[in-house]
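Heads up, the thing below is written out as structure tokens.
Every number in this text was worked out from the coordinates using simple rules, so none of it is lab data. All values reported here derive from a predicted model rather than from experimental measurement. Ideal geometry is used to build each Cβ from the backbone, glycine not excepted, and the neighbour counts take in all protein chains shown.
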Amino acid sequence: MSARMPAHHDKLKGKVQAQQLVEFDRVDFSYGANSILRNLTVGFPRGKLVAIMGGSGSGKTTLLRLIGGQIKAQQGVVRFDGEELSTMSHARLYAARRRMGMLFQRGALFTDLSVFENVAFPIREHLQLPEAMVRDLVLMKLHAVGLRGAHKLMPVELSGGMARRVALARAIALDPDLIMYDEPFAGLDPISMAVIANLIKRLNLALGVTSIVVTHDVAESFKIVDFVCFLSHGEIVAQGTPEQMLASDEPYVRQFVEGHIDGPVRFHYPGSPYDADLGLGS
Amino acid sequence: MSTAVVRGLRVVGRLTVDGVWRLGAASRFMGIVLLRSATTFRRFRLLVNEVYFAGALSLIIIVVSGLFVGLVLGLQGYETLKRYGSAEAVGTLVALSLVRELGPVVSALLFASRAGSAITAEIGIMKSTEQLSAMEMMAVDPYSRVVAPMFWGGFISMPLLAAIFSAMGIFGGYLIAVVVIGVDAGAFWSQMQSNVDLWDDIFNGVIKSIVFGFAVTAIAVFEGYDAPPTAEGVSHAVTRTVVTSALAVLALDFVLTAFMFTGI
């Protein structure tokens, strides 16, 4: 995981940046008055599997949307392969997106298309290939996620885990350089969770693809990722390997990893004193 | 000034600003849709699918409604004209009522209810289930791939549906006046032929249906794309499509009629 680079180490900075596929440099983002990311500086090394962890509302999904160019940073710079996303033309941004794959939390499969057609969609849209080749490619992608036999099914016929695997096959259809996973384990049974975790790791190793996993599932993600980055209130509070995080004394990391109900993240939503609300105060 | 008046003025001001802002957003949205329409015509299959979705699937309601409106017009027209000894003019009355007014207006209202609401719901649900975001992340522009084909499919379908509505209405008028009541068929058709002008009546009716088609389909695609990504948001967007389309059609009809037929 890249730490913040000292400003005077320009040569070193350039060398380190070249190793990053995605970089955030002092990024601020807010929805209206609600600040989501604050002065965020982080990098995602090529070929590595990185988990972004944090509670709900910590800015994890916003981070993915910034990388995809779906929203723009209000301050700071987000770079993909060295190129600033916010200044890209429409055509350039779409060219960059062809090098990205994204697995959405609920799969986001096209409900009017079969499993086969869902995976074929990006191939048909971007590549002028003979139908026989499209078929082979789609079946290969579906085979990689273990669902070649389900290619005729419609999305409504799939379980949650299967839908996510189909979405994963679709995300890798164009052999991307970067795959982003938005809460890939949410709402899955233990078997499906293990299957998805295994697929994420296998794809990362087999394709050498840079992977960013946004999750709050400690057990499953710590087994597969190279680095972990803890995000709280839009800021990085800790980062390192899973082993380093498990040994960390950082109170937020401890609360998150051990699942304490109270700590830096309070159990009670901020409000007026309890006795005052009940009219018991003097 | 009393507090109630100030509060009232604030509400009016807020509604006005919101309305102007929304109109601006819709105009910008439609500008983008029109600019990114090339794919729709390059990939003709997309357009054909949407014409089927918006047009062919609306045929039943248009055909049946047109027939019944024609039947009623024939009955009412005959009863009124009979008092003045001009029962043969019922064909003219039916045809002029349909091609000038009822054809474009009623078919636009039905189109908004059937196809407009379906377009809004489809785009809104695609948005709320992240299908549009997924498309964007696959480097496929949702404006080009989804919104523009739906817009053009609806826009092309609307004048055709209005023409079918009018044709069915005239057929309904013929059934009731000639077949049931016994008005002379020759007089029915010849009076219609001599009194309905191709440009002043039929062409103006077609222009109306084109304008209504643009308005209804533009409202439908905008409301769908602008819908908050929740079940309630999509439901409200569908309601807004039907209500706004109906009001827009009636208001536009008044303006167009004033220009076309009264020489204002």
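A protection proxy built from the mean count of other Cβ atoms within 10 Å ranks the segments B:36-49, B:199-212, most packed first, as B:199-212, B:36-49. 3J(HN,Hα) couplings calculated from phi for the stretch B:35-48 with the Karplus curve 6.51 cos²θ - 1.76 cosθ + 1.60 (θ = phi - 60°) are, in sequence order, 5, 9, 8, 4, 4, 4, 8, 6, 10, 4, 4, 4, 5, 4 Hz; Gly and Pro show x.
Only the Cβ atoms of Lys and Arg (+1) and of Asp and Glu (-1) were treated as charged; on that basis the dipole of the protein assembly as shown about its Cα centre amounts to roughly 960 debye.
Put simply, the amide H of A:I179, placed in the peptide plane, has neighbours under 5 Å in A:G101, A:T210, A:S211, A:I212, leaving out anything fewer than 5 places away on its chain. Beta bridges per DSSP, both residues in the protein assembly as shown: antiparallel share near 55 percent. For A:V22, the residues whose modelled amide H falls within less than 5 Å of its own, excluding neighbours fewer than 5 places apart on the same chain, are A:F44, A:D81. In chain A, the calculated helix contribution to ellipticity at 222 nm averages -10500 deg cm²/dmol per residue, counting -39,500 (n - 2.57) for every DSSP H run with n ≥ 4. This model, with +1 at the C-beta of Lys and Arg and -1 at the C-beta of Asp and Glu, gives chain A a dipole about its Cα centre of some 900 debye. Reported value for the stretch A:80-132: 120 Å³ per residue, from the convex hull of its C-alpha atoms. Of the residues B:G169, B:G224, B:G31, the one that moves most in a GNM of chain B with alpha-carbon contacts below 10 Å is B:G31.
Scalar couplings 3J(HN,Hα) for the stretch A:161-175, obtained by applying the Karplus form with A = 6.51, B = -1.76, C = 1.60 to θ = phi - 60°, are x, 5, 4, 5, 5, 5, 4, 5, 4, 5, 5, 9, 4, 9, 6 Hz; x denotes Gly and Pro. Note on chain B: helix-only mean residue ellipticity at 222 nm, from DSSP H runs of 4+ residues weighted -39500 (n - 2.57) and normalised by residue number, equals -25500 deg cm²/dmol. Considering only A:T41, A:T62, A:T87, the mean-square fluctuation computed in a Gaussian network model of chain A, springs between alpha carbons under 10 angstrom, is largest for A:T87. Normalised Debye scattering of the stretch A:150-225 at q = 0.12, 0.21 Å⁻¹ gives log10 I(q)/I(0) of -0.32, -0.96, counting only Cα atoms as equal scatterers and leaving out solvent. With an a/c value of 1.5 or above and a/b larger than b/c for the gyration tensor axes a ≥ b ≥ c computed over the alpha-carbon atoms, the stretch A:123-173 is described as prolate.
Legend: P(r) of the stretch A:113-264 from all alpha carbon pair distances, 5 Å bins from 0, whole percents, reading 2, 9, 17, 18, 17, 13, 9, 7, 5, 3, 1, 0.
For the listed peptides A:234-245, A:172-183, a ranking on the average number of other beta carbons within 10 Å per residue, highest first, reads A:172-183, A:234-245. Sequentially through the stretch A:61-73, phi angles give Karplus couplings (6.51, -1.76, 1.60; θ = phi - 60°) of 5, 4, 4, 5, 5, 5, 5, x, x, 6, 9, 10, 5 Hz, Gly and Pro residues having no value and appearing as x.
Averaged over peptide B:127-133, the number of partner chain Cβ atoms lying within 10 Å of each residue's Cβ comes to 5. Per-residue mean of foreign Cβ neighbours for B:136-147 is 6 (Cβ atoms of other chains, 10 Å radius).
Using a Gaussian network model of chain A in which every pair of alpha carbons under 10 angstrom is joined by a spring, one finds that among A:N204, A:N34, A:N118 the greatest mean-square fluctuation is at A:N34. Look at where the Cα atoms of the stretch B:169-195 and of the stretch B:79-103 average out, and the two centres are 9 Å apart.
For A:L231, the residues 5 or more places off, or on other chains, whose built amide H falls under 5 Å of its own are A:M53, A:G54, A:V237.
Once Rg and the Kirkwood radius are both taken over the C-alpha atoms of the protein assembly as shown, their ratio Rg/Rh works out to 1.11. Computed about its Cα centre, the charge dipole of the stretch B:122-264 is approximately 60 debye, with only Lys, Arg, Asp and Glu carrying charge at their Cβ.
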